[in-house]
There are 4 protein chains.
Amino acid sequence: MIIVMKESATVAELGHVIKLLEERGFNPRPNHGAQRTVIGIMEATGNDLSGIADLPGVDQIAPFSSSFKMVSRDFKPEPTVVQVGDTAIGGQEFVVMAGPCGVESTEQLLSTARQVKACGGRVLRGGAFKPRTSPYSFQGLREEGLKILAAARQETGLPIITEIISPELVPLVARYTDIMQIGARNMQNYALLEAVGRERKPVLLKRGLMSTIEEMLLAAEYLMSGGNTQVMLCERGIRTFERATRNTLDLSAVSVIKRASHLPVIVDPSHAVGHVDYVADMCRASVAAGADGIIIEVHPDPAQALSDGQQSLTFDAFAELMESLRPLAAAMKRPMPEPARKG
Amino acid sequence: MIIVMKESATVAELGHVIKLLEERGFNPRPNHGAQRTVIGIMEATGNDLSGIADLPGVDQIAPFSSSFKMVSRDFKPEPTVVQVGDTAIGGQEFVVMAGPCGVESTEQLLSTARQVKACGGRVLRGGAFKPRTSPYSFQGLREEGLKILAAARQETGLPIITEIISPELVPLVARYTDIMQIGARNMQNYALLEAVGRERKPVLLKRGLMSTIEEMLLAAEYLMSGGNTQVMLCERGIRTFERATRNTLDLSAVSVIKRASHLPVIVDPSHAVGHVDYVADMCRASVAAGADGIIIEVHPDPAQALSDGQQSLTFDAFAELMESLRPLAAAMKRPMPEPARKG
Amino acid sequence: MIIVMKESATVAELGHVIKLLEERGFNPRPNHGAQRTVIGIMEATGNDLSGIADLPGVDQIAPFSSSFKMVSRDFKPEPTVVQVGDTAIGGQEFVVMAGPCGVESTEQLLSTARQVKACGGRVLRGGAFKPRTSPYSFQGLREEGLKILAAARQETGLPIITEIISPELVPLVARYTDIMQIGARNMQNYALLEAVGRERKPVLLKRGLMSTIEEMLLAAEYLMSGGNTQVMLCERGIRTFERATRNTLDLSAVSVIKRASHLPVIVDPSHAVGHVDYVADMCRASVAAGADGIIIEVHPDPAQALSDGQQSLTFDAFAELMESLRPLAAAMKRPMPEPARKG
Amino acid sequence: MIIVMKESATVAELGHVIKLLEERGFNPRPNHGAQRTVIGIMEATGNDLSGIADLPGVDQIAPFSSSFKMVSRDFKPEPTVVQVGDTAIGGQEFVVMAGPCGVESTEQLLSTARQVKACGGRVLRGGAFKPRTSPYSFQGLREEGLKILAAARQETGLPIITEIISPELVPLVARYTDIMQIGARNMQNYALLEAVGRERKPVLLKRGLMSTIEEMLLAAEYLMSGGNTQVMLCERGIRTFERATRNTLDLSAVSVIKRASHLPVIVDPSHAVGHVDYVADMCRASVAAGADGIIIEVHPDPAQALSDGQQSLTFDAFAELMESLRPLAAAMKRPMPEPARKG
């Protein structure tokens, strides 16, 4: 249930309502919007809300209109803006996160980070722990990879995003990274969602490759109900019968999520299409679809990449892409930072 | 096989090669490009091409790189531009086709046509024959609907597009329409493809909601091998497990097709997403994805529409959408015509 | 709406109800069951049924419980049995239809027909007109193929089933075949459904490879509302993300259809799995799932088949399969005929 | 790579080969078959196998024919039989596992266990830790549920199977259960696979509802390469566009897996079809498809179940199902134990 306070309600009245709810055994969660405050009651059953609607300052009580609650626009009509360093994600700027699929060496990552920075990218991506379908595939540089990421941040000032693949790694990875990424295969790994939900650090939750949008929003609800409100959602393609692309990028998910939820939406065209030929088109489409940003793979030498080389952009292709995004972002009134001088 | 002629080849040399191929039982199909001419040989087996590579004017012989041939970039590297009235589809302009799902009355269609025209739409859509999942649903006004479409063209000057649902209707519908539409359910209706392939009129082929991109290109090959070269392809969403939208719009198909084929690509976001809330976002994304145009549903009173009301834009929503497309089209260097003065 | 007559209703009372309905502009369709007669009213709107419930002999009036009507168990609780020669499909016997994908020659078909007959198969399959994804693939022997099928029937006594791929071929094919087959790509080819619906000959309707069960039942409704009541449904696999098999055989469709509809259900494991290794397992599973029969591909020399060789059984494999089906059919109380003596 | 030893090879020769491989840095894994021993080498790169083929006792060296290795028939041609109490799974008997979706109370579980036992079921299922899509749904009785399961085993003698939802729960759950279950959402939870792989207890790995068969086999490879060889695979339906059933049961997966792998295959029709009407048909089809067993949901009062009531069989329906399975299992030469006397 949602308890909507009047615009004219006082802080004392709000406090009184919350106290009474707690006395009745609820765990009330207030959200303070620009216009007014809403109190979310997540408990599904056994609610004694009698008399609450008549308390001073209370405007109305209504049920949630969907199965997800804290992630919904019902609970929080204003868009959530996640601040990472000096970059605001979900605000006006269209944000580009880029970097290699996996961290392979200091040189590989540093050179990529410099190019990302030079072209106007705002966040550096790179996998240190890689979830692999086969136990015999390259599993990442692990903590060594985290250190290389931190060094790249140190030099370029770019905040970093990297994936966490299991609950016990949360403390270690959270110590290094600016954004914790939950990968597609782990979208419904509830132990991991709970561990990440207990952190107070931005998190990017990727859509499972055969998960519905509603299931993604419920997975985000695990994070938010655990106390982590800095959640971003990522559309990265779903599994279909089509074989020309690795997965099918579901850009309408951006539109659906933006109406249902206040959380920022990032698109990952690299994993969706799986082939460099189609990545740039889908990056441009993401801007126009209303996404808050994209996360893409860039590699100094894609042919030699240890993973996902066929979907990674070269430095030149990345620079060209960034140039083509700017007028579109401007047309959408979502400005992008100018690239650094090349001289 | 493809026989590529030298840039310096003479018309006489070309004629000699074609004559020889015909004598050997082939049905050679030349394509005259800006740079050079290519002769397509579609017969799969029993080819005696010995000595052809050594004829004067012949540069090389190569196999097609894909299962589709005449629709491929191998056969025709330059993009196909389909001319409909004074509108060129597949050229520089981003083309908007709009109108109601089904023609319901003269008044309904005429008022819509005027709004489409006023806002800068270039083609009027409207179904006269409706393929319906249930035999008990409204099946369209049939020839009466075609007459109403023709009247709307008469008044507004907009060319019209309407669906043909069976081979024996081809002569009737072709007499009225400017663009023949083959619907998603009929994408692999080979009798219909053959009948439409014998016409010399532009055709829009919609992707089956269960069809791969390759199958769509092979269906277009039926049209082209039948002699109809004015073919446009339409992405209109595929069937997936996701339930938040009616189908999943596969915008990466635009990117895949544009690389594989020379044919124009139109996107139909209305049928893909199935809900008016998401249509405008996907129209904008279509521009940025590199589509040559869109086809969308507009209705004077969506709540009263006999079909697809929930995915039809109101006149105001359509006007607003068109305004939002212009800066994006400009950013993509795909200009749209200015709207007519409203006064 | 369904008008259910009392068990005790007289023929005169029934006639009176029907006459009254016709006077009011309905097209009433009675179904005479073992227990009682039901009158189906398919018109969706504008029904004036006032007073009908009170007529002598009328038990009750109720709406159809689903979007399909004549194919539903509401309309006809007893299973439909389709008689083809001396074989009853949908009755107690488990029926095996077998033969090559395409008719290639008299010898190929005759030798196969003899093997099918010898092993206890009851219907001979073989394609004369082949719907092919590419216009350059083998399209079948056409009328020549039909003649070969007829000759094989002449010799073996096996009734034949062959596909009709377009409306104008209906009279020709119906002249030769015992069962008209509508292929998966044509499940929603309404012009074809209407043409076949006007015939009075058994028809096997295959599920579109991305069609829902409800859509298949509605396609069958086109056939039945056209007047053809001898309809059989065929599950032949649907398109999914899985790549180990050509399609995914949806055996639960058998269970769903048998509860929703009175029509017989046949399973086509050959096209579903697409590889001979898995065909026999799925034939056996079809028996136990409650199907009324199977239709499978057998070829004297699969490696040389012009189409679908990789999914065709050899004569030996077919004989072995038939032996393995018998105890399962017996366990399901669906007997199969004993094979002819091999001496 | 696979090193195949000759049938006549001596133990000393085998030991010599293994020692040499270890000296070269490999981690050789011998599999001792009835006919001969195979040594698996999983390391993908940098293998120096020069000279190995010429050692005494070595027959040949060959690459694995697939991406999975220890789970493949290449590595182990004989079927794996998992022994649980006095029940052998993957042997001749067709094994039925049954019980409620979630453990709700001692009474609920005990009464169900008695019915499972009485009807010839061999393993008792019941969830103590429930992975739920929403954080606000019932999450299971947790350790209390494990204790109730253990009590039911104590009384009935039935071994138990229950799900483990996160790595840190492995020691706790393994202390109680006879078979550890990895649920569909966790099929690619690598941290969990690794933790369970370190145990020496039978494990049932469910197919992810978005996973290919190859991905399931690779997930099983994680378990086996971790040292746990008592692995069973479970087909439980995949996600498709069809809405008449909860998921689409892919019975052809049984056939595919049995050819590719030596591991036992269990089918879960309850979760696949999601509705009690279709469960029994799919149980019977599973027998005939060649599965080694089924796992199904039974509840004393499905209408009151806290989870999955609509897909749970009543006691009577379960008894009836078991009776119908027996003749089919006999026809497949997969006997089932006779039910206990009801007196």
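The values are calculated or read from the model by the stated rules, or taken from the named source; none is laboratory data. The structure presented is a predicted model; accordingly, all values stated were derived computationally and were not measured. Every residue, glycine as well, gets a Cβ built from its backbone with ideal geometry; the counts of neighbours run over all protein chains shown.
Table for the structure above
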read-out: Residue match in region D:233-248 (condition: of a type in the set (Ser, Thr, Tyr) and either within 16 Å of the chain's Cα centre (by Cα) or under 20 Å from D:Arg334 (Cβ atoms) (or both)); value: no
read-out: Every residue from region B:302-317 that is free of Cβ contacts under 8 Å to residues at least 60 places away in the same chain and among the acidic types (Asp, Glu); value: B:Asp316
read-out: Single unsatisfied condition, B:Leu249 versus (1) within 14 Å of chain C (Cβ to nearest Cβ); (2) surrounded by 24 or more Cβ atoms within 10 Å (Cβ to Cβ); (3) of a type outside the set (S, T, N, Q); value: (1)
read-out: Single condition A:Lys130 does not satisfy, out of (1) modelled with pLDDT under 95; (2) in contact with a strand residue (DSSP E or B) (Cβ under 6 Å, 6 or more places away or on another chain); (3) surrounded by fewer than 21 Cβ atoms within 10 Å (Cβ to Cβ); (4) closer than 28 Å to A:Pro167 by Cα; value: (3)
read-out: Residues satisfying the stated conditions in region A:177-207, i.e. basic (Lys, Arg), buried (at least 22 other Cβ atoms within 10 Å of the Cβ) and not in a helix (DSSP H, G or I); value: A:Lys206, A:Arg207
read-out: Evaluation of A:Ile41 against (1) outside the structural domain of A:Arg24 (by TED's automatic domain parsing); (2) farther than 21 Å from A:Pro264 by Cβ (one fails), failing number; value: (1)
read-out: Boolean, A:Leu55 is more than 14 Å from every other protein chain (Cβ to nearest Cβ) and either under 30 Å from A:Pro300 (Cβ atoms) or modelled with pLDDT of 95 or more (or both); value: no
read-out: Count of region B:174-207 residues which are polar (S, T, N, Q) and away from chain C (no Cβ under 12 Å); value: 2
read-out: 2 or more residues in the same structural domain as B:Gly208 (by TED's automatic domain parsing) and surrounded by fewer than 24 Cβ atoms within 10 Å (Cβ to Cβ): qualifying helices (runs of 4 or more DSSP H) within region B:259-338; value: B:276-289, B:315-331
read-out: Some residue of region D:272-289 being at pLDDT 95 or above, away from every other protein chain (no Cβ under 12 Å) and out of contact with any Cys (no Cβ under 7 Å at 6 or more places or on another chain); value: no
read-out: Of all residues in region C:152-173 being exposed (fewer than 15 other Cβ atoms within 10 Å of the Cβ) and in contact (Cβ under 8 Å) with a residue 40 or more places away in the chain, the one that is farthest from the other protein chains (Cβ to nearest Cβ); value: C:Glu155
read-out: Restricting region A:208-230 to residues that are among the small types (Gly, Ala, Ser), surrounded by fewer than 24 Cβ atoms within 10 Å (Cβ to Cβ) and on the phi < 0 side of the Ramachandran plot, the residue that is farthest from the other protein chains (Cβ to nearest Cβ); value: A:Gly226
read-out: Test result for C:Phe138, touching a Leu at 6+ places or on another chain (Cβ under 6 Å), of a type in the set (Phe, Trp, Tyr) and under 18 Å from C:Glu297 (Cα atoms); value: yes
read-out: Members of region C:299-316 that are within 14 Å of another protein chain (Cβ to nearest Cβ) and over 16 Å from C:Asp268 (Cβ atoms); value: C:Leu306
read-out: Any pair with Cβ under 9 angstrom, 6 or more apart, that starts in region A:318-331 at a residue that is within 7 Å of chain B (Cβ to nearest Cβ) and ends at one that is of a type in the set (S, T, N, Q); value: A:Ala331/B:Ser324
read-out: Any hit, region D:68-76, residues being in the same structural domain as D:Glu320 (by TED's automatic domain parsing) and more than 30 Å from D:Glu338 (Cβ to Cβ); value: no
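Residue-by-condition table, conditions (1) crowded, with 24+ Cβ neighbours inside 10 Å; (2) more than 23 Å from the chain's Cα centre (by Cα); (3) not small (Gly, Ala, Ser):
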{"position": "B:Gly57", "(1), (2), (3)": "no, yes, no"}
{"position": "B:Phe68", "(1), (2), (3)": "yes, no, yes"}
{"position": "B:Phe75", "(1), (2), (3)": "no, no, yes"}
{"position": "B:Gln92", "(1), (2), (3)": "no, no, yes"}
{"position": "B:Gly99", "(1), (2), (3)": "yes, no, no"}
{"position": "B:Val103", "(1), (2), (3)": "yes, no, yes"}
{"position": "B:Leu109", "(1), (2), (3)": "yes, no, yes"}
{"position": "B:Ala118", "(1), (2), (3)": "no, yes, no"}
{"position": "B:Glu144", "(1), (2), (3)": "no, yes, yes"}
